[in-house]
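Reviewing the structure listed below.
What follows draws every value from the coordinates through simple rules; no lab data is involved. Predicted model, so just to flag it, every value in this text is computed and none were measured. Virtual Cβ from ideal backbone geometry, glycine too; neighbours counted across all protein chains shown.
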Amino acid sequence: MSNPLRACLRARLRASLRHSAIASALLVAGAAAQATLVDVTVTVHNLQPVNSVSFAALQLAFNNGSYDSFNIGQVATAPIISVAEAGSGVAWQAAFAAADPGATRGTVAGRVDPGTGPRTATFRVDTSVNRYFTFASMVVPSNDFFIGNDDPTEYLLLDTAGNLLIPSITVKANEIWDAGSEVFDPAAAAFIQGSVGSMRRDQNSVVALNFAELAAFNGLNTGLGTPFNSALTANSDIYRIGFSVAVVPEPGSYALMAAGLMAVGFMARRRRPGTAEGRQAKV
């Protein structure tokens, strides 16, 4: 085999090896970019007309599906009562942290009134461990009504690659819960003008579905200064939680992608027509 031919073959072999190395580097970089960390933006909407129900701040957690804050037909405990009676969810958040320390917890702050715009908040979530979504929010006016998921594994929100499995959750009126912890009494209810909190009385009942009782507040002025009108039917859509996701690249992926790009640049420079290798590649 002549020397020029050997040189040509060697040049082509080196070029082929470089192509393989670059492809491998870019493949690894692309795999690294499929990070398990994602930023999830949560957007909440009150779907009811003006003068109907409002919702307290949304308590939420991206979690492993192990913590169950309430069950239908059972006595409500302090965590869910802190949502249903006070709207603050302080005990709910604390109980969640104790039961599932790795969960990403938080709130979409602020009351969401009918006829107002949505509220949003963004949370960083590790989808290798926190793929489920749990929520709770007080419904007002009421003594102890709330919305939330009874089953902690009801909403498998994300897959392990960070893709959304559920784009939104819509709550209907017939999914409103009565905690059964406080006697129904408009004179002591939250978000009713002139109500007296000291008049609250323990009910000592169990968690049940109940939206019809809200109609008993009709005509009473709420904290918004307007007369309440429930206007709810069983299938009324009352509340929507929407989700959007942005992948968060892991730090190592930047280095791998940079290495791949440098390799591409190196190959392009070596194969310029004016270089020795470029001349050999044309033989």
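Brief remarks on what is shown
- Calculated P(r) of segment 40-133 - Cα pairs past 20 Å, %: 43 percent
- Inter-part distance where segment 193-240 and segment 72-143 are each reduced to a Cα centre, Å: 19 Å
- Short-range pairs are left out: with C-alpha atoms under 8 Å and at least six residues apart, the relative contact order of segment 192-248 is 29 percent.
- Sorting 228-237, 135-144, 83-92 by their mean Cβ neighbour count within 10 Å, with the most densely packed peptide first, gives 135-144, 83-92, 228-237.
- Packing here is the average count of other Cβ atoms within 10 Å per residue, and on that basis the peptides 106-117, 198-209, highest first, run 106-117, 198-209.
- Taking Cβ atoms as reference points and 10 Å as the exclusive limit, the residues near VAL183 contribute a net charge of -2, counting Lys and Arg as +1 and Asp and Glu as -1.
- Convex hull projection area averaged over all views, segment 117-199, Cα basis, nm²: 7.6 nm²
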